[in-house]
Amino acid sequence: MKTADFDFDLPDSHIALRPAEPRDSARLLVVKDGTLEDRIVRDLPDFLRPGDALVFNDTRVIPARLSGIRERVGPEGETLTVAVEATLHHRDAPDVWSAFMKPGKRLKAGDRVTFQSLTATVTAKSDDGLVTLRFDLAGPALDDAIRAVGVMPLPPYIAAKRPEDDRDLSDYQTMFAQLDGSVAAPTAGLHFTPALMEALKARGVSTHALTLHVGAGTFLPVKADDTADHRMHSEWGVVSADTAAALNAVRAARGRIVCVGTTSLRLLESATTPEGEVQPFQGDTAIFITPGYRFRAVDVLMTNFHLPKSTLFMLVSAFAGLETMKAAYAHAVADGYRFYSYGDGSLLFRA
């Protein structure tokens, strides 16, 4: 398909710069059987049934944006420096991260980069824009150093409008966050509160966790004219044996699997066989879902509103139908819904 097929007009004023307060007071556009209904997130239990399973991502966002200085020995032995910024993307080893860096063209293998008290060596550059950094620290010591010098990596469409602040340290984490590793929040989970979780429990909806560490590639636009030419960056995830068994039992009992966010959906679809059996999974996934994909596991998706021509808008179009989602997004724009990470949500029933 053509990337242009997934374009739509979005006024800049619709980009949310702060989350709703309280979180479950955000608006919720319910898209089911080609119909649209305006509700709020707190109404979610009304659309679920006893025996349904809610699946959320328990990843935790780390302060993955690092500002530093690149050092290089010049032709006459002098030290040449330039300011650089790194957004960590994928943990490759205890002391190695791949990262997107600015200005990437000013870097080459062998360069030393200092991020305040933390130093690293550039060991490689790839054609997809990633730079490999081998740090002087490893494991938990590296994690502590990153927490000390890094800042919360707000999405570029928010960071361009205001700087990060202390509120983002809590606003940009879900209530499910447990395991450090993401450089972007699984933003559908930002809408949940303890009160909403109690209401879902009272409704008879079970809850299950998986982990997908979201990479910085989630922010990258699709530059290819044809979706078949776009390459997804891999992200690391795990579906435990207990979670896989529980979800298979839900499906056997004719309950529905309801994913909170596209990250949960992508990992769960990666872990499910063509016959529909969820299996334990641990490793990288680079699944790219576009219209024509046959969903294996997920029946309902709760997700935020996404960028034009993004891989995530392609995913929701595959899930609920391209024309349906175009109509839903046109309604959301006309009715003043708030978009992107801190914005409102949608509840999509699979076409």
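Scanning the range 165-220 for residues that are among the charged types (D, E, K, R) and in contact (Cβ under 8 Å) with a residue 60 or more places away in the chain returns Arg167, Asp171, Asp180, Arg203.
Entry remark, the range 138-154: residues being among the hydrophobic types (A, V, I, L, M, F, W, C), open to solvent by 20 Å² or more (accessible area, probe 1.4 Å) and out of contact with any strand residue (DSSP E or B) (no Cβ under 7 Å at 6 or more places or on another chain) number 3 in total.
Restricting the search to the range 221-238, which residues are among the β-branched types (Val, Ile, Thr) and free of Cβ contacts under 8 Å to residues at least 60 places away in the same chain?
Answer for the range 221-238, where residues must be among the β-branched types (Val, Ile, Thr) and free of Cβ contacts under 8 Å to residues at least 60 places away in the same chain: just Val238.
Against the numbered list (1) buried (at least 21 other Cβ atoms within 10 Å of the Cβ); (2) touching a residue at least 60 places away in the same chain (Cβ under 8 Å); (3) small (Gly, Ala, Ser), Ala86 comes up short only at (2).
In the range 260-349, which helices (runs of 4 or more DSSP H) lie fully inside it and hold 3 or more residues that are farther than 26 Å from His89 by Cβ and modelled with pLDDT of 95 or more?
322-334
Where residues in the range 155-195 are open to solvent by 60 Å² or more (accessible area, probe 1.4 Å) and within 22 Å of His233 (Cβ to Cβ), which of them is farthest from the chain's Cα centre (by Cα)?
Only one residue fits best here, namely Ala160.
Matching residues to (1) within 17 Å of Asp43 (Cβ to Cβ); (2) open to solvent by less than 10 Å² (accessible area, probe 1.4 Å); (3) without any contact (Cβ under 8 Å) to a residue 40 or more places away in the chain:
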residue: Ser317; (1), (2), (3): no, yes, no
residue: Leu322; (1), (2), (3): no, no, no
residue: Lys326; (1), (2), (3): no, no, no
residue: Ala330; (1), (2), (3): no, no, no
residue: Asp335; (1), (2), (3): yes, no, no
residue: Tyr340; (1), (2), (3): no, no, no
residue: Gly345; (1), (2), (3): yes, yes, no
residue: Leu348; (1), (2), (3): yes, yes, no
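Scanning the range 203-240 for residues that are open to solvent by 60 Å² or more (accessible area, probe 1.4 Å) and either more than 21 Å from Leu307 (Cα to Cα) or under 18 Å from the mean Cα position of the chain (by Cα) (or both) returns Arg203, Thr207, Leu220, Pro221, Arg231, Trp236. Please work out which residue is surrounded by the most Cβ atoms within 10 Å (Cβ to Cβ), limiting yourself to the range 94-131 and to residues that are over 26 Å from the mean Cα position of the chain (by Cα) and charged (D, E, K, R). Only one residue tops the list, namely Asp111. Summed over the range 132-154, residues that are under 29 Å from Asp171 (Cβ atoms) and under 22 Å from the mean Cα position of the chain (by Cα) total 8. Taking the conditions (1) more than 16 Å from Arg112 (Cα to Cα); (2) modelled with pLDDT of 95 or more; (3) open to solvent by 20 Å² or more (accessible area, probe 1.4 Å) in turn, Arg91 satisfies each one other than (2). For the residues Asp43, Asp12, Asp33, Asp38, the requirement of being surrounded by fewer than 19 Cβ atoms within 10 Å (Cβ to Cβ), over 20 Å from the mean Cα position of the chain (by Cα) and at positive phi singles out Asp33.
The values are calculated or read from the model by the stated rules, or taken from the named source; none is laboratory data. Predicted, not measured: the structure shown is a model, and the values here were computed from it. Heads up, the Cβs are rebuilt from the backbone with ideal geometry, glycines too, and the neighbour counts pull from every protein chain shown. Each accessible area value is taken on the protein alone, full model and side chains, heavy atoms only, with ligands, DNA and RNA left out. Shrake-Rupley method; radii C 1.70, N 1.55, O 1.52, S 1.80 Å.
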